[in-house]
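Shown next, in C-alpha cells, is the structure this report addresses.
Any read-out appearing in this document is the output of simple, stated calculations on the displayed coordinates, not a laboratory observation. Just so you know, these numbers come straight off a predicted model, no measurement behind them. No Cβ is skipped: glycine too gets one built from the backbone with ideal geometry, and neighbour counts run over all protein chains shown.
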Amino acid sequence: MCGRYAASRSPDDLVEEFEVDHVAGLGRPGGASQQAASEHPAPNYNVAPTDPVSAIFTRPPRGEPDAPAVRQLAVLRWGLVPSWARDPSIGSRLINARTETVADKPAFRKAFARRRCLLPADGYYEWYGTQQRNAKGKPVKQPFFIRPRDGGSLAMAGLYEIWRDPARDDDDPHAYRWTCTVLTTSAEDDVGHLHDRMPLLVEPDRWVDWLDPRPQATDALVGLLVPAAPGRLEAYPVSTEVNSVRNNGAHLLDPLPPAEVAR
C-alpha cells in the first residue's frame, strides 16, 4: 500500500515537468489563473491521508464542457470520496485502489473510466517489521524511504472524484469536494521485501493515454498499468520521526546511520 509519501516540488516545477496548461486551487479545478499556484501546498515531506496534494489531470475548462480538454494542475484531498457517498469521511479509508480490482469496485470504477490523474511524489515510505520489541512487547517497525535511483520524481497513478455536499449551496466554494486515491500494484523485487504492494508508476510516454478523459475500453486502460521496471527504485532506512504526521521537513529523507537502524 501507500500510506505516506513526500512531495516537495513547486507548482512552477510541476508545470514544466508535466507540461501543464492551467493551474487551479483546492476545489476549483477547471482553468483558473496562474495566481492559483499560491494556493498549492508547501513542500510536504510527510504527506498523510486527507492532506491536500498536487494532482495533474486532463479535462475541459470549468463551465466549458464542450471545449477541448486541457492538462491541469490542481489541489485535491488524498482519500477518494465517491460521488454517491453519504458521509465524506469514507475518504480516509480509500487512499489506495488495487489495480487488480479497480475496474470493478463500485467506489472506483467510474473514476477509473474517466477521471484518472497523476500524483507527483519525490518518493514514498514503507515500514518493515524487525526482531526488536518495544516496551509493550510489540515488534519495532523501521521506516524506509523509497525513491527513484536517479533522483527524479515519481508520477503515481491516481484517480480523482468530485463529491457534492448536499448541505451547501451551489455557489458555496466548499460545495464540491475534489479527492483522489493512489493505485497500487505488486511490488518489484528491489522493494518487495519491505512490502508486497507499491504505488503504480506511470512513465512519461503513457501520460497522454492515462490522462485522456474520454471513455476507453477497460482492457486498454488495464494495459497501461505496468509495474515499475526492476532496479528503478532504491530504498533506505530513515528516522522514526516520520511515524508522526506532526513531524515534517527535508531531514525526514536523510538516510539513517547504520548504527541507528532497528533490526
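In terms of the Cα gyration tensor, with a ≥ b ≥ c the square roots of its eigenvalues, is the stretch 192-235 rounded because a/c is under 1.5, prolate because a/b exceeds b/c, or oblate?
Cα axes put the stretch 192-235 in the prolate bin.
Name the long-range amide H neighbours of TYR128: under 5 Å, sequence gap of 5 or more, or other chain; modelled H, no Pro or chain starts.
The answer is GLN142, PHE144.
State the dimensionless ratio Rg/Rh of the stretch 182-263 (Rg: radius of gyration of Cα atoms; Rh: Kirkwood radius).
With Rh from the inverse mean 1/r over Cα pairs, Rg/Rh is 1.09.
By its C-alpha gyration tensor, with a ≥ b ≥ c as the square roots of the eigenvalues, how is the stretch 115-261 shaped: rounded for a/c under 1.5, else prolate for a/b larger than b/c, else oblate?
Oblate.
Evaluate the relative contact order of the stretch 69-188 (contact order divided by residue number), counting alpha-carbon pairs under 8 angstrom at least 6 apart; express in whole percent.
This gives 32 percent for the stretch 69-188.
Report, for the chain, the % of DSSP beta bridges that are antiparallel, rounded to 5.
Antiparallel bridges make up about 85 percent of those DSSP assigns within the chain.
Using just the helices of the chain, give the 222 nm mean residue ellipticity in deg cm²/dmol: DSSP H runs with n ≥ 4 each add -39,500 (n - 2.57), and the total is spread over all residues, rounded to 500.
Mean residue ellipticity at 222 nm (helix-derived): -2000 deg cm²/dmol.
Work out, step by step, the length gained on full extension between ASP66 and ARG263: first 0.36 nm times the residue separation, then minus their alpha carbon distance; give nm to one decimal.
That pair, ASP66 and ARG263, stretches by 65.1 nm at full extension.
Starting from the Cα of ASP254, step 7 Å along the direction of its Cβ; do the same at GLN132; then give the gap between the two resulting points in nm.
1.7 nm
Considering the chain as a Gaussian network with a 10 Å cut-off on Cα pairs, which listed residue, VAL238, VAL23, VAL140, attains the greatest mean-square fluctuation?
Of the options given, VAL140 has the highest mean-square fluctuation.
Can you tell me the Rg and Dmax of the chain, counting just the alpha carbons, in angstroms?
18.5, 62
Could you work out how far apart the two model spin labels at VAL222 and ARG98 are, taking each label as a point 7 Å from the Cα in the direction of the beta carbon, and quote it in nm?
Reported label-point gap for VAL222 and ARG98 is 1.4 nm.
Please enumerate, by chain and number, the aspartates and glutamates with C-alpha under 17 Å from the C-alpha of LYS141, excluding those fewer than 8 residues away in the same chain.
GLU126, ASP196, GLU241, GLU260
In terms of modelled amide H atoms, which long-range or inter-chain residues lie less than 5 Å from the amide H of ARG59?
VAL70, GLN72
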